[in-house]
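Heads up, the thing below is written out as C-alpha cells.
The values are calculated or read from the model by the stated rules, or taken from the named source; none is laboratory data. This structure is a prediction, so every number in the text was calculated from the model and none was measured. Here Cβ is always computed from backbone atoms with ideal geometry, including for glycine, and neighbour counts include all displayed protein chains. Areas reflect the complete protein model, heavy atoms only, side chains present, ligands, DNA and RNA absent. Shrake-Rupley method; radii C 1.70, N 1.55, O 1.52, S 1.80 Å.
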Amino acid sequence: MKKVQQEDYIIQNLGECAIQSPVIVNDFTPDSKRLLLKQYLDYSNTGKNKDEKVKREIPLSVEVAGPREKIFFDPSKTKAAIVTCGGLCPGINDVIRAIVMQLYHRYGVRNIIGIKYGFQGLIPSYGHEIVELTPESVENIHREGGSILSSSRGQQNIGEMVDALSRMNVNIFFCIGGDGTMRAAERITEEITRRKLSISLIGIPKTIDNDLNFVQKTFGFDTAIAESENAISCAHVEAKGAPMGIGLVKIMGRLSGQIAVGAALAQNDVNFVLIPEVPFDLEGENGLFKALEKRLIRRKHCVILVAEGAGQELMRTNNTPQETDASGNIRLLDIGYFLKVRIEDYFKKAGIQINLKYIDPSYMIRSVRASASDSIYCSALGQYAVHAGMAGKTGMLVGLLKDEYVHLPIRVVTSGKQIDPEGNLWMRVLESTGQPPSLLNKPLDPPVEEHVVI
C-alpha cells in the first residue's frame with residue numbers, strides 16, 4: 001500500500017512566467033486554485049495543535065486547469081507540435097482541431113506542426129513527413145473519424161525523439177495517446193529535464209475503455225456506448241428473428257467492462273454481460289451454459305454482450321504463450337469466437353438446435369467520428385491543454401476530475417479503473433439483464449485489497 005504525498009501532485013514548470021497572456025478572459029486561473037482530491041478533510045489525527053497543523057499542511061489537491069495571467073512562452077516565437085499514438089478512437093481529430101484553433105486564434109501562435117504516424121514520425125530513419133497545421137487545414141477534420149496525423153504502436157528511442165524535438169525547435173509537444181503513450185511521454189519529459197531544455201510536454205489521455213485512474217471520463221467513451229448500442233440492437237433483432245436465436249456481441253474492454261456496462265444499461269436488450277472484473281464458468285449447474293439454456297427455453301431468444309478482456313482465464317492453459325503487442329500490452333485471446341464455438345458445441349451435444357449470430361463491431365466503433373457530447377469534451381481538453389502548455393507546464397496531462405478540468409502529473413495516471421462487482425453499477429446491470437448474480441460454480445476467495453491511499 002503506497003502512501004501518496006502532496007508532492008506527488010505538484011506540476012513541474014519550465015521557469016518563471018513573465019509574459020502577459022494575449023488571451024482575453026474575465027478571470028484568469030491562478031496556480032493556487034486547486035481541487036481537493038478528497039471530498040472531506042480528516043482532522044481526526046491532528047492532536048492538540050490541530051489548528052496549527054491545518055495551517056501548515058496543504059490538503060491533497062490538484063491544479064485546476066485554465067488560462068494563466070502570466071505565461072512562459074512568447075506566442076510570436078513559439079513552435080508547437082502534435083502527435084497521436086496508439087489505437088484509433090473517436091474524437092482524436094476534435095482534439096487536434098481544438099489545439100490548433102486555440103493556439104492560433106487565442107494565443108497568436110503561427111508555427112504549428114503535426115508529427116505523422118505517432119512517435120515514429122520523430123525518428124529520421126522512418127522518413128515520415130512533417131505536416132503544417134493551420135486553421136484552414138483542420139477546419140473540417142472533426143467531421144471525420146480516425147486521425148489526420150495517423151498513428152502507430154511500438155517503442156521508439158527516447159534520446160532520438162528528444163533530439164528531433166530540439167532540432168525542430170519545438171517549444172510545446174502535445175501527445176495524444178493511451179497508457180503506453182503516457183509512459184513514453186513521462187520518459188521524454190525526464191530526458192528533456194535532464195538536458196535542461198525548455199520544452200513543455202502536455203498529454204491528452206486517449207483510451208476508449210475509460211479505465212484511467214483519477215480521470216472521470218476519457219474521450220471516445222460516450223461515442224463507443226452509442227455505437228455499441230447499435231450493434232446490440234441488431235443482435236437483438238437477429239436473435240428474435242429465428243427460433244432459439246442468440247445474438248453474441250463482442251466489444252472493447254481489455255481490463256475493464258466500462259463500455260459493456262454502459263451499453264447494456266443504455267440499450268436494455270442484453271441478457272448476459274460478461275466483463276473482465278467478474279469471472280464466470282461455462283460448464284456446471286451455475287455456469288453460463290445452463291443459465292443460457294434456461295433463458296432460451298423460457299424466452300426463445302437471448303443477447304450476450306462480452307468485453308474483449310473477459311474470460312481470458314478460460315482460454316489460457318499452462319502451454320498457452322502470453323504474447324504482447326508493439327505497445328507492450330498483453331495480446332488478448334478472442335473471447336468472442338471462443339464463446340461462439342463453445343456455445344454451439346454445448347447445444348449440439350444437448351440436442352437443442354440454436355441460431356447464433358456473432359457480431360464484432362470493434363473497429364467500426366473505433367473509427368467513427370465523435371458524438372456531440374464527446375466532441376464538446378474533446379474541444380475542452382484541447383483548449384485546456386494549450387493553456388497549460390503556454391504557461392510552461394510540463395510532464396502533465398489534462399483530465400476531468402469531479403466535473404472540473406484539472407492538471408495531473410503523468411506519473412500518477414495509470415490504467416486500472418474497473419467495475420466494482422459489489423457496487424451499485426454492477427447491481428443495476430444484474431437488475432437490467434436478469435442474469436444470475438454469479439455464473440461461478442463455487443464462490444471466489446475474498447479479494448486482497450491493494451489501493452493507493454489519497
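Brief remarks follow.
- All conditions but one from (1) under 26 Å from Arg187 (Cα atoms); (2) surrounded by 22 or more Cβ atoms within 10 Å (Cβ to Cβ); (3) within 27 Å of the chain's Cα centre (by Cα) apply to Pro90; the one that does not is (1).
- When Gly351, Gly392 are checked against the criterion of being out of contact with any Asp or Glu (no Cβ under 8 Å at 6 or more places or on another chain) and without any contact (Cβ under 8 Å) to a residue 40 or more places away in the chain, Gly351 stands alone in meeting it.
- The residue pairs whose first member lies in the stretch 401-424 and is farther than 23 Å from Gly262 by Cα, whose second member is assigned to a loop (DSSP other than H, G, I, E, B) and open to solvent by less than 40 Å² (accessible area, probe 1.4 Å), and whose beta carbons are closer than 6 Å, counting only pairs six or more residues apart or on different chains, are Val406/Ala65; His407/Ile11; His407/Ala65; Ile410/Gly395.
- Filtered residues of the stretch 286-317 (kept if among the basic types (Lys, Arg) and in a helix (DSSP H, G or I)): Lys290, Lys294, Arg295, Arg298, Arg299
- Within the stretch 213-241, if we keep just the residues that are in a helix (DSSP H, G or I) and hydroxyl-bearing (Ser, Thr, Tyr), the residue that is nearest to Ala372 (Cα to Cα) turns out to be Thr223.
- Here the stretch 326-339 is the region considered, the condition is being open to solvent by less than 50 Å² (accessible area, probe 1.4 Å) and either outside any loop (DSSP other than H, G, I, E, B) or within 19 Å of Gly146 (Cβ to Cβ) (or both), and the residue that is modelled with the lowest pLDDT is Ser327.
- Residue list for the stretch 116-156, restricted to those being of a type in the set (A, V, I, L, M, F, W, C) and either more than 21 Å from Leu201 (Cα to Cα) or without any contact (Cβ under 8 Å) to a residue 24 or more places away in the chain (or both): Val131, Val138, Ile141
- Qualifying residue in the stretch 60-82 (condition: open to solvent by less than 50 Å² (accessible area, probe 1.4 Å), at pLDDT below 90, touching a Lys or Arg at 6+ places or on another chain (Cβ under 7 Å) and part of a loop (DSSP other than H, G, I, E, B)): yes
- Residues being open to solvent by 30 Å² or more (accessible area, probe 1.4 Å) and either closer than 20 Å to Ser367 by Cα or touching a helix residue (DSSP H, G or I) at 6+ places or on another chain (Cβ under 8 Å) (or both) - total across the stretch 109-128: 6
- Residue ID - farthest from Asn213 (Cα to Cα), chosen from residues in the stretch 355-412 that are of a type in the set (Asp, Glu) and open to solvent by 30 Å² or more (accessible area, probe 1.4 Å): Asp360
- Single residue of Arg342, Arg366, Arg411 found to be among the basic types (Lys, Arg) and under 30 Å from Arg34 (Cα atoms): Arg411
- Exactly one residue out of Arg195, Arg153, Arg167, Arg183 is open to solvent by 40 Å² or more (accessible area, probe 1.4 Å), over 28 Å from Ile259 (Cβ atoms), basic (Lys, Arg) and in contact with a Ser or Thr (Cβ under 9 Å, 6 or more places away or on another chain): that is Arg195.
- Any hit, the stretch 413-428, residues being out of contact with any Lys or Arg (no Cβ under 6 Å at 6 or more places or on another chain), buried (at least 21 other Cβ atoms within 10 Å of the Cβ) and at pLDDT 95 or above: no
A quick yes/no check of all residues on (1) buried (at least 20 other Cβ atoms within 10 Å of the Cβ); (2) under 11 Å from Ala310 (Cα atoms):
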| position | (1), (2) |
| --- | --- |
| Val237 | no, no |
| Leu248 | yes, no |
| Met252 | yes, yes |
| Gly262 | yes, no |
| Leu265 | no, no |
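- Looking only at the stretch 129-140, and only at residues there that are assigned to a loop (DSSP other than H, G, I, E, B) and open to solvent by 10 Å² or more (accessible area, probe 1.4 Å), the one that is nearest to Gly389 (Cα to Cα): Thr134
- Any hit, the stretch 146-162, residues being β-branched (Val, Ile, Thr), assigned to a helix (DSSP H, G or I) and touching a Leu at 6+ places or on another chain (Cβ under 8 Å): yes
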